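Since the structure comes first, as structure tokens, the remarks are kept for the end.
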Amino acid sequence: MSPIDLLRPLWRALPIDIHWRRRIKHWLLQGPLAGLGSRRMAVLDVPAWDGDWRVLLSPLDAPADRLLVIDWKPPTPDLDSGSYRLRLILDLLLESGFAVDFIGDREAESPDYAEALRARGIRTVVGPSAALEHLVAQGHRYRQVWISRPEVAEVYLAPVRAHAPQATVIYDTVDLHWVRFERGAAFAADPTELLERAHRYRRLELANARAADRVIAITEDERARLLREDPRLDVRVLPNVHPVVDRAAPLSERRDLFFIGGFQHEPNIDAMLYFADAILPLVRAELPEVRLRIVGSHMPDSVRELDSPAIEAVGYVAEVEPCFAQARIFVAPLRHGAGMKGKIGQSLSQGLPVVTTSIGAEGLGLTHEHDALIADDPAAFAAAIVRLYRDEVLWARLSEAGLALMRARYSVPVVAERLRELLTDPMSEPISGSSPGVGTLGRPESVELRSGEDGARTASLPPRETDRRVLILGIYLPGIANHAAMISRELLGSRDWEVDLRWASVGADSSEAPADPELEALTRLHSPERVPKFVLLNRLLAEAEIERYRYLLVVDDDIELSPGFVDRFLAIQEARDFTLAQPARTHDGYTDHQFVNQLMGVESRRTRFVEIGPLFSLRRDGFASLLPFDEEAPMGWGLDFVWPVVLEAQGRRLGIVDAVPVRHALRKPVSTYDYTETQTAMQAFLARRPHLTLSDACIAGRTYPLTGPTAIAP
């Protein structure tokens, strides 16, 4: 009897099902027992494996007809805004007829939160070990798997794909964490740490999005940010959801100011410390009896210590509706953050008017003076509070407008319909090709523009061998949070242009080498002294043979550029024959003049105004007129009112490119030098130069609409 024959009884006795028997036979035939041949391996009693991995999956004992939601813990709606949103989404899923299960990666603050889900009929599993066991046993039951938050998706995407391969995977960003961290860097004691964290989270969040079948953004702005990074993503917007009251008690029955927020969220801590220090004293100078009531879970000592005759630091409150009903104004002085602010939506849905910042209003569709008061300066913020506190007509108008906005966009019926569409719409087809046209985020195809009666050029580029050189000059502050390294990588990625990029570093830390060796190699000038921007630019220009270049671009260190920026931007500048041009600014960043904000559906527009920063582009035909830069305006203030006079006298055109905007959100303008001194210098400079007034400058001439897909902002 051969050894193979002796092994037959043992093989048959092994507790292995038919699927694994086939796989083992295949491995043995290809590996250690390959020399025996398939005839001798017939002892294994099964046909050879045909290579179909599906045979390794257990037979389905039930259809894939359930929906699984995975988050970091069972939702705690009384503790944080994200949980409040998720709890309402779970309720909407149940009301829409979905069979819902829930996995929490960790326990909530109390077992009662998990029990509350089970009481609603939601099968709930808590803890990573129990979660994996559940996926192994029940993964085949899921038609859709909804994973919230980047850290959770990082852990669960792989086991979900392994054990629920038939499921559509939906990644809920909650908010874009990397955006929140980038914005917070400007207010952090250690901005470097937050910027590094932002970089890590950007990679993580984009990896999650690409690994999912569908991505949920909480606002249109964040959807645009994701599509800027990868146009192939299928991104849908599902905002916060809020039950809306029918009517609110009038101003006369209310008093004081109110704020609510989960204080594990750092922007809420910063908001309260900032408000107590810079805004509330100005309010109490006009309204000495007014107090601020602060409510929220996980309140740190730094906020509790604000408790005083002017501030009541309450902490956690189980039922918050009475707080909204008693307050006269909700204040949200947020200086950084991301996504849609649940606290503001909750206040509006209760009929309580809001005074907030641009960051606080982001994504909600709020309009200053219509459904909220929006102010970013402490004095303006305080003035808005005082005015609203006293004006019963204004208060009633804002209350009604806020309720109307919430009913139209964020009420339970409206969001329920969007949720059903999100879960039932077929998956989007991937975008084919790698070169979408201008207005998309891939590399550009040629811009198909015909010459109009105004003589605009077509978008054909100059021959590469003769006229494709671009000189880019930039100034960065090494001791302050900046994007210089990231900007460099994007600018040097041009495929259509030969880019010569040169940086100057300025400030006390400029003698130290940048952390990024590539940035150090590009840094031509280090100035420990705070030399004005345009003086430094002239020093960099003096070392360059400017006549060798077709374009000069000047860039600041605190902006974000979309992929393919140089190629897409200069293609439009060439096509529209702009001697001097700038990209529009996105609506979610800082803006000095509303005129330069991006116009959706517009490719570009002829103007009489191009800003001195954060980025502008000058073509060769303007070099002789504008270079070297006039150092009587050392920081550049006022040049943008003089340049149009000079160029228009020569028949040159200026323009703003809306299809390729930049985002300017890292640092607030005029945060690194003295505003009053620079304003005085500008007035003296303009007094000696022919110039346009602001009202004369901010006028658009011919506007060119997008003929392809709508532009996507950074």
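Taking the residues in the stretch 114-124 that are in contact (Cβ under 8 Å) with a residue 12 or more places away in the chain and farther than 22 Å from Ile216 by Cβ as candidates, determine which candidate is surrounded by the fewest Cβ atoms within 10 Å (Cβ to Cβ).
Within the stretch 114-124, the match that is surrounded by the fewest Cβ atoms within 10 Å (Cβ to Cβ) is Gly121.
Within the set of pairs 6 or more residues apart or between chains, which connect a residue that is outside the structural domain of Asp91 (by TED's automatic domain parsing) and hydrophobic (A, V, I, L, M, F, W, C) inside the stretch 413-439 to a residue that is assigned to a helix (DSSP H, G or I) and at pLDDT 55 or above with Cβ atoms less than 6 Å apart?
Pairs found: Ala416/Leu92; Leu419/Leu92; Val438/Arg568.
Got at least one residue in the stretch 149-172 being among the basic types (Lys, Arg), in contact (Cβ under 8 Å) with a residue 60 or more places away in the chain, out of contact with any Ser or Thr (no Cβ under 6 Å at 6 or more places or on another chain) and part of a helix (DSSP H, G or I)?
Here is the first cut: in the stretch 149-172, the ones among the basic types (Lys, Arg) are 149, 161.
Filter once more, so that each one left must be in contact (Cβ under 8 Å) with a residue 60 or more places away in the chain: 149.
With the extra rule that they be out of contact with any Ser or Thr (no Cβ under 6 Å at 6 or more places or on another chain), the set shrinks to 149.
Those left that are additionally part of a helix (DSSP H, G or I): none.
Scanning the stretch 149-172, I find no residue that is among the basic types (Lys, Arg), in contact (Cβ under 8 Å) with a residue 60 or more places away in the chain, out of contact with any Ser or Thr (no Cβ under 6 Å at 6 or more places or on another chain) and part of a helix (DSSP H, G or I), so the answer is no.
Looking at the stretch 125-162, which of its residues are of a type in the set (D, E, K, R) and surrounded by 17 or more Cβ atoms within 10 Å (Cβ to Cβ)?
Matches in the stretch 125-162: Arg141, Arg143, Arg149.
Among the residues of the stretch 580-620, write down those that are within 14 Å of Leu639 (Cβ to Cβ), of a type in the set (A, V, I, L, M, F, W, C) and assigned to a loop (DSSP other than H, G, I, E, B).
Residues satisfying the conditions are Phe609, Val610, Ile612.
Checking Ala318 against (1) surrounded by fewer than 19 Cβ atoms within 10 Å (Cβ to Cβ); (2) modelled with pLDDT of 95 or more, which test does it fail?
(2)
Report, by residue number, each residue of the stretch 621-671 that is over 30 Å from Gly601 (Cβ atoms) and out of contact with any helix residue (DSSP H, G or I) (no Cβ under 8 Å at 6 or more places or on another chain).
Listed by number, the residues that qualify are Ala624, Val645, Ala649, Ser671.
Does Met272 qualify as being more than 28 Å from Asp391 (Cα to Cα) and either free of Cβ contacts under 8 Å to residues at least 40 places away in the same chain or not hydroxyl-bearing (Ser, Thr, Tyr) (or both)?
In short, no.
Is it the case that Arg457 is at pLDDT below 50, out of contact with any Cys (no Cβ under 9 Å at 6 or more places or on another chain), within 23 Å of Phe623 (Cα to Cα) and among the basic types (Lys, Arg)?
Considered against the rule, which asks whether it is at pLDDT below 50, out of contact with any Cys (no Cβ under 9 Å at 6 or more places or on another chain), within 23 Å of Phe623 (Cα to Cα) and among the basic types (Lys, Arg), Arg457 comes out as yes.
Taking the stretch 127-146, which residues are closer than 30 Å to Val235 by Cβ and not polar (S, T, N, Q)?
Residues satisfying the conditions are Pro128, Ala131, Leu132, His134, Leu135, Gly139, His140, Arg141, Tyr142, Arg143, Val145, Trp146.
Scan the stretch 195-217 and tell me whether some residue there is within 15 Å of Glu266 (Cβ to Cβ), of a type in the set (Ser, Thr, Tyr), crowded, with 17+ Cβ neighbours inside 10 Å and not assigned by TED's automatic domain parsing to the domain that holds Leu352.
Yes, some residue in the stretch 195-217 is within 15 Å of Glu266 (Cβ to Cβ), of a type in the set (Ser, Thr, Tyr), crowded, with 17+ Cβ neighbours inside 10 Å and not assigned by TED's automatic domain parsing to the domain that holds Leu352.
I'd like the residue in the stretch 564-610 that is in contact with a helix residue (DSSP H, G or I) (Cβ under 7 Å, 6 or more places away or on another chain), over 20 Å from Arg550 (Cα atoms) and not hydroxyl-bearing (Ser, Thr, Tyr) and, out of all such residues, is modelled with the lowest pLDDT.
The residue in question is Asp588.
Within the stretch 548-555, identify whether any single residue is in a loop (DSSP other than H, G, I, E, B), closer than 27 Å to Phe623 by Cα, out of contact with any Lys or Arg (no Cβ under 8 Å at 6 or more places or on another chain) and not charged (D, E, K, R), and answer yes or no.
No, the conditions are met nowhere in the stretch 548-555.
Which residues, taken from the stretch 162-213, are of a type in the set (Lys, Arg) and touching a Gly at 6+ places or on another chain (Cβ under 6 Å)?
Passing the criteria: only Arg180.
What is the number of the single condition among (1) part of a loop (DSSP other than H, G, I, E, B); (2) assigned by TED's automatic domain parsing to the domain that holds Lys343; (3) charged (D, E, K, R) that Asp246 does not meet?
(2)
Confirm whether Ala571 is on the phi < 0 side of the Ramachandran plot, buried (at least 18 other Cβ atoms within 10 Å of the Cβ) and in contact with a Pro (Cβ under 6 Å, 6 or more places away or on another chain).
yes
Among the numbered criteria (1) modelled with pLDDT under 90; (2) in contact with a Leu (Cβ under 9 Å, 6 or more places away or on another chain), which one does Glu445 miss?
Glu445 satisfies all of (1) modelled with pLDDT under 90; (2) in contact with a Leu (Cβ under 9 Å, 6 or more places away or on another chain) except (2).
This table checks each residue for (1) over 29 Å from Pro413 (Cβ atoms); (2) touching a helix residue (DSSP H, G or I) at 6+ places or on another chain (Cβ under 6 Å); (3) part of a strand (DSSP E or B).
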site: Asp277; (1), (2), (3): yes, no, no
site: Glu289; (1), (2), (3): yes, no, no
site: Ala313; (1), (2), (3): yes, yes, yes
site: Phe330; (1), (2), (3): no, yes, yes
site: Gly337; (1), (2), (3): no, yes, no
site: Leu352; (1), (2), (3): no, yes, no
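List the pairs whose first member sits in the stretch 493-508 and is free of Cβ contacts under 8 Å to residues at least 60 places away in the same chain, whose second member is assigned to a strand (DSSP E or B) and among the small types (Gly, Ala, Ser), and whose Cβ atoms are under 6 Å apart, counting only residues at least 6 apart or on separate chains?
Once the first residue is free of Cβ contacts under 8 Å to residues at least 60 places away in the same chain and sits in the stretch 493-508, its partners that are assigned to a strand (DSSP E or B) and among the small types (Gly, Ala, Ser) give Trp503/Gly474; Val506/Ser527.
Has the stretch 363-383 got at least one residue that is crowded, with 23+ Cβ neighbours inside 10 Å, part of a helix (DSSP H, G or I) and either touching a strand residue (DSSP E or B) at 6+ places or on another chain (Cβ under 7 Å) or touching a residue at least 24 places away in the same chain (Cβ under 8 Å) (or both)?
Taking every residue of the stretch 363-383 in turn, at least one turns out to be crowded, with 23+ Cβ neighbours inside 10 Å, part of a helix (DSSP H, G or I) and either touching a strand residue (DSSP E or B) at 6+ places or on another chain (Cβ under 7 Å) or touching a residue at least 24 places away in the same chain (Cβ under 8 Å) (or both).
If you take the residues in the stretch 321-350 that are surrounded by fewer than 18 Cβ atoms within 10 Å (Cβ to Cβ) and in contact (Cβ under 8 Å) with a residue 60 or more places away in the chain, which one is nearest to Glu253 (Cα to Cα)? Show your work before the answer.
Our first condition is that a residue be surrounded by fewer than 18 Cβ atoms within 10 Å (Cβ to Cβ); within the stretch 321-350, this holds for 321-322, 325-326.
Adding the requirement that they be in contact (Cβ under 8 Å) with a residue 60 or more places away in the chain leaves 325-326.
Details: Ala325: 9, Gln326: 7 Å.
Top of the filtered list is Gln326.
Let me spell it out: the conditions are (1) buried (at least 19 other Cβ atoms within 10 Å of the Cβ); (2) in contact (Cβ under 8 Å) with a residue 60 or more places away in the chain; (3) part of a helix (DSSP H, G or I), and Val303 meets all of them except one. Which number is the exception?
Just one mismatch for Val303, condition (2).
Can you pull out the residues in the stretch 290-330 that are over 22 Å from Gln350 (Cα atoms) and among the small types (Gly, Ala, Ser)?
Scanning the stretch 290-330 gives Ser302, Ser308, Ala310.
Which one of these is crowded, with 22+ Cβ neighbours inside 10 Å, of a type outside the set (S, T, N, Q), in the same structural domain as Asp557 (by TED's automatic domain parsing) and closer than 30 Å to Ala361 by Cα: Glu611, Glu603? Explain how you work it out, then say what you get.
Details: Glu611 fails: crowded, with 22+ Cβ neighbours inside 10 Å.
Glu603 is the lone residue from the list that is crowded, with 22+ Cβ neighbours inside 10 Å, of a type outside the set (S, T, N, Q), in the same structural domain as Asp557 (by TED's automatic domain parsing) and closer than 30 Å to Ala361 by Cα.
The values are calculated or read from the model by the stated rules, or taken from the named source; none is laboratory data. Since the structure is predicted, the reported quantities are computational estimates derived from the model, not experimental observations. Glycine gets a Cβ as well: all are built from the backbone with ideal geometry, and neighbour counts include every protein chain shown.
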